[in-house]
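Colleague: If you scroll down you'll find the structure; I have some questions about it.
The values are calculated or read from the model by the stated rules, or taken from the named source; none is laboratory data. In this text, all values refer to a predicted model and were calculated from it rather than measured experimentally. Cβ placement follows ideal geometry from the backbone for every residue including glycine, while neighbour counts extend to all protein chains displayed. Note: areas computed on protein heavy atoms with side chains; ligands, DNA, RNA excluded. Shrake-Rupley method; radii C 1.70, N 1.55, O 1.52, S 1.80 Å.
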Amino acid sequence: MKETRLMLGMPITVNIVDSQATQENIDEVFAYFKYIDNKFSVFKKDSEINQINRGEIMENEYSDDMEEIFLLAEKTKKESHGYFDIHHKGKLNPSGVVKGWAIHQAAKILEKDGFSNFYVDAGGDIQVKGNNHLGKPWTLGIRNPFNRNENIKIVKLINKGIATSGTYIRGQHIYNPFKPQDPIMEIVSLTVIGPNVFEADRFATPAFAMGKEGILFIESIQGLEGYMIDSNGVATFTKGWNQYVYKD
Amino acid sequence: MKKLLLSVLVIVSFILYSLFQRKDDLVGSANLAPQGNTNNTISISPSTTPQTSPSPTTISTTPDIKNTPKPTPTATPTPTKASLYKNGTYIGDVTDAYYGNVQVQVQVSGGNISSVNFLQYPSDRSRSISINSYAMPILEQEAIKAQSANVDTVSGATDTSLAFISSMQSALAKAQN
């Protein structure tokens with residue numbers, strides 16, 4: 001049972017292979033994303049995060065989820081040497097940590113409902129559980145940053161999370177008119193595989209911001225593997241990356 | 001006398017029309033005031049624009065700029081009458097790319113899109129704190145190449161593209177004749 005909806009500014013897909021899946025189970029997951037959007041979206045006037053930014057909610061009144069997100073953001077900031085930071089111009093925007101966390105929580109909902117073969121994909125960041133409909137590991141493509149309709153790597157995953165940080169706009173021959181000679185080593189895409197999508201996502205974001213050093217940062221963290229593509233179409237990957245690669 | 005009157009009428013209406021067009025341009029340009037995070041000005045050439053369309057697969061709600069009809073050049077000197085877009089500068093809506101905002105500005109000249117600039121763009125690279133230098137392990141490299149086996153789903157940074165298309169679409173809606 002599979003459904004895609006456009007929410008939080010991105011396509012979100014829930015695919016449950018287990019035969020007992022019902023529409024109710026799918027709806028429950030989307031309702032959770034709706035809850036996340038209402039709480040954390042900086043685009044919704046009355047979201048909790050905006051109320052906090054307007055000083056309408058005091059620190060001791062934060063919801064449990066908000067407190068958890070702030071703790072996780074602080075932890076990620078430390079672990080990424082300051083590259084991950086939810087403070088922007090005096091306001092808080094935890095979006096960078098909310099996405100992976102929300103997918104991870106959504107997957108937990110499905111586990112709690114008794115499912116063991118599914119994936120949750122929000123804007124290309126994915127948590128997979130168990131196997132696909134063929135009883136085989138989930139097969140995931142990594143999109144070519146220079147051509148949206150092509151995959152440049154296929155990985156096989158069971159019970160893992162994967163997140164890609166990057167931009168396809170730069171990849172599609174968009175140049176900076178003021179700096180046409182811009183560095184050839186510019187990074188266009190960085191994919192991270194981790195024990196779950198939350199871990200993959202929270203490290204992919206700051207690693208991408210580090211530029212070509214990012215892949216070394218991923219290499220330095222146990223349990224994470226990464227595949228980084230520069231603007232010349234050259235990929236650099238961590239030592240354990242190939243264990244996930246599907247060879248055709 | 002009748003001829004003279006007619007010529008005067010034609011000239012006057014042309015001047016009025018030019019002024020009107022100019023006013024439109026000014027209205028468009030007036031939006032050019034700095035819009036927050038303007039440090040990421042990226043231009044794309046018009047020919048690459050259609051490539052940013054998402055493949056027409058699952059989501060029907062995604063606007064597809066590929067389907068936007070090309071403006072037809074007009075043969076008469078009357079400016080932009082027959083083309084799809086009015087000349088001017090148009091600002092798209094701020095669109096949530098989740099990690100930040102995307103907002104584009106579209107310039108139309110001669111009825112065609114002449115440039116697209118990013119007024120806002122997620123800029124997680126702007127952090128200036130230097131990172132510790134890691135022990136430099138030698139990592140393998142390879143040239144990327146397409147792999148075409150069937151997949152269950154795809155990992156990629158789709159967010160910005162969708163937000164880009166959405167902002168672009170709203171800018172073009174303003175430019176419609």
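Colleague: Can you confirm whether the stretch A:86-103 contains a residue that is open to solvent by less than 30 Å² (accessible area, probe 1.4 Å) and either without any contact (Cβ under 8 Å) to a residue 40 or more places away in the chain or hydroxyl-bearing (Ser, Thr, Tyr) (or both)?
Modeller: Yes: the stretch A:86-103 contains one or more residues that are open to solvent by less than 30 Å² (accessible area, probe 1.4 Å) and either without any contact (Cβ under 8 Å) to a residue 40 or more places away in the chain or hydroxyl-bearing (Ser, Thr, Tyr) (or both).
Colleague: For the stretch A:117-127, give me the residue count where each residue is open to solvent by less than 10 Å² (accessible area, probe 1.4 Å) and within 8 Å of chain B (Cβ to nearest Cβ).
Modeller: 5
Colleague: Further question: Considering only the stretch A:126-162, state which residues are touching an Asp or Glu at 6+ places or on another chain (Cβ under 6 Å) and at pLDDT below 95.
Modeller: Scanning the stretch A:126-162 gives a single hit, A:144.
Colleague: Taking residue A:27, is it assigned to a helix (DSSP H, G or I), open to solvent by 10 Å² or more (accessible area, probe 1.4 Å) and more than 27 Å from residue A:57 (Cα to Cα)?
Modeller: Considered against the rule, which asks whether it is assigned to a helix (DSSP H, G or I), open to solvent by 10 Å² or more (accessible area, probe 1.4 Å) and more than 27 Å from residue A:57 (Cα to Cα), residue A:27 comes out as yes.
Colleague: Has the stretch A:195-210 got any residue that is touching a Phe, Trp or Tyr at 6+ places or on another chain (Cβ under 9 Å), of a type in the set (Asp, Glu) and modelled with pLDDT under 85?
Modeller: no
Colleague: Right, another one. When the residues of the stretch A:141-162 are narrowed to those that are assigned to a strand (DSSP E or B) and more than 9 Å from chain B (Cβ to nearest Cβ), which ends up most open to solvent (accessible area, probe 1.4 Å)?
Modeller: For the stretch A:141-162, the residue satisfying everything is A:156.
Colleague: Test of understanding: among A:131, A:60, A:117, A:53, which residue is touching a Gly at 6+ places or on another chain (Cβ under 7 Å), of a type outside the set (Ser, Thr, Tyr) and farther than 23 Å from residue A:166 by Cα?
Modeller: A:117
Colleague: Considering only residues that are in a strand (DSSP E or B) and either aliphatic (A, V, I, L, M) or buried (at least 24 other Cβ atoms within 10 Å of the Cβ) (or both), which ones fall in the stretch A:130-140?
Modeller: A:138, A:140
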